[in-house]
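Undergrad: What follows is a single structure, and I will ask about it in a moment.
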Amino acid sequence: MPSSTTAGRRDRGVTLVGTAIGIVLGAANPADAERLWAHQPAAIGTPASDSTLHRTLTTVDT
């Protein structure tokens, strides 16, 4: 999956893994995934915002 080399951009793979973990923990939408991900920063780092999750999922869907 292509990633941006711009400073401050998130790796899309990490974003997808974090989202998957949020879904496994019971997230029903991107905002829930962000909140659940925030409880696990040691495992996968700081959470991506719900808009970043949406952009990443849109990219994967195309």
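Just so you know, all these numbers are worked out from the coordinates, no wet-lab data involved. These numbers come from a predicted model, not from an experiment. Cβ: placed from backbone, ideal geometry, glycine included. Neighbour counts: every protein chain shown.
Undergrad: Which order do the peptides 12-19, 51-58, 39-46, 24-31 come out in when sorted by mean C-beta neighbours inside 10 angstrom, highest first?
TA: 12-19, 51-58, 24-31, 39-46
Undergrad: Where in the range 35-54 is the amide nitrogen less than 13 Å from a point lying 7 Å along the Cα-to-Cβ axis of ILE23?
TA: Hits in the range 35-54 for ILE23 at 13 Å: 54.
Undergrad: For LEU25, list long-range residues whose amide hydrogen, built 1.01 Å from N in the peptide plane, is under 5 Å from its own amide hydrogen.
TA: Under 5 Å from the amide H of LEU25 lies no amide H from a residue far enough along the sequence or on another chain.
Undergrad: To continue, here is another question. With θ set to phi - 60°, apply the Karplus curve 6.51 cos²θ - 1.76 cosθ + 1.60 along the range 32-40 and write out the HN-Hα couplings as whole Hz, x wherever there is a Gly or Pro.
TA: Couplings: 5, 4, 4, 5, 5, 5, 4, 7, 10 Hz.
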